[in-house]
Amino acid sequence: MKRSSRRNFLKSSAAGVAAVASTQAFSQSPNLSKKTIAEVRALEAKEIQKTTSGWNDGLAHPIPYKNPPGKGKDRAIVLGGGSEYMSSFLVGYFHAMLTNGIDLRLADIVVGTSAGAVLGSALLGSRLDLFSAEFNLLADYPKIMAKLVPTKKFSPSQERVMKMGLTAKDGNPDTIQAIGHAAMAARSISSDKFQANMKVFLGDMKTIPKKMYITTIDCYTAERLVIAPDMGVSVIDACAASASAPGVTGPTWVKDRVCMDGSIGSTETHCDIVAGSRRALVVALADTIQQEKEGLRLNHLPNTILQEVKDLEAAGTKTKLVVVGMLPGRKNMSVVDPEIMEPAIKYGYERGMQDLPEMKHFWMPA
């Protein structure tokens, strides 16, 4: 295709390639190069994102975050996602810290995604103090979670969107939009039922703790959304949206947007939100492709955690990265299997105890 013809083709395609053929048929056309197809998809994705350009809800924040709320703060925490496995690990890890003199609630800002959103909110809301007293961490909690969010049998529409996440090769807007659109069409666990799960952690909490920032993704536009404490969104809605894993639960409405898991994008940890802070504790599920192959993630979107940490440190933020990794003694597993929850709590507690000496120096300096 000549350059001038190709330019005209792209221009007309951006205005409405769907009117000519379906996306699938368009992608399979033997007369178009992969580059051309990618460019048209990128243009279409931009057109979709323009539909919210006039909205003033304050939710959409491109990466990197302009004027990040972490700038100038002392202590920051970033908590990534990881479904039942990550939430259980964090319960154990936080318990080790809080019962041994490391007060993570001293954080000036906490950024949470998916499981990290829920546990971060519970941490700042002092809910974890009650949690340990109300539930036997190694018995009651896993049983309650397994009952509220059954994840052992999926419908065909759920399997479809989950497969899309596993086969995704990039975090481009058109890729995320496709996953988001499939998530909206999946017969997943309803957001209402999922919000009951949130209340196990959060109890009667109504508002987002004042230092908590919760990430999610707009299913339709693929925009990264950051829900701040002053936006008038309930903590239950915000956490449910952030943890609405495509094909498993939700999606969930936040204001006038339908949202999915905050890890479905070009980052699953969103460290850019705390850029400019003095020090940051970052807890992420995985950091290597091999760990992803072992089942530690529900998608194969690019994992940028190591680069994000480098960026933080290059800008002057002293960073401690905790990579959860595989459950000891296992070669593979599913992060949504309720049976891993009890050993994950124990593992989190043990890792927390191991980290105590370093954390006392890092988090509680004299």
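The values are calculated or read from the model by the stated rules, or taken from the named source; none is laboratory data. Treat the numbers as computed from the prediction; the structure is a model and nothing was measured. Here Cβ is always computed from backbone atoms with ideal geometry, including for glycine, and neighbour counts include all displayed protein chains. All accessible areas refer to the heavy atoms of the entire protein, side chains included, with ligands and DNA or RNA removed. Shrake-Rupley method; radii C 1.70, N 1.55, O 1.52, S 1.80 Å.
With the other protein chains left in place, how much accessible area per residue, in square angstrom, belongs to region 262-366 at a 1.4 angstrom probe? Present the calculation step by step, with values, prior to reporting the outcome.
Details: 4590 Å² over 105 residues.
So region 262-366 comes to 44 Å² accessible per residue, rounded to a whole number.
Exposure check, 1.4 Å probe, all protein chains in place: residue 44 carries approximately 50 Å² of accessible surface.
Solvent exposure of residue 108, expressed as accessible area, is near 50 Å², computed with a probe of 1.4 Å over the protein chains only.
Within the same chain, aspartates and glutamates fewer than 8 places from residue 360 are excluded, and of the rest, those with a Cα less than 19 Å from its Cα are 74, 103, 108, 350. When you filter the trypsin sites (Lys or Arg not before Pro) in region 308-366 for DSSP loop state and at most 10 other Cβ atoms inside 10 Å of their Cβ, you are left with 331.
Could you pull out the pairs from 320/346; 50/193; 211/318 whose alpha carbons sit more than 23 Å apart here? As for pairs spanning more than 23 Å Cα to Cα, those are 50/193.
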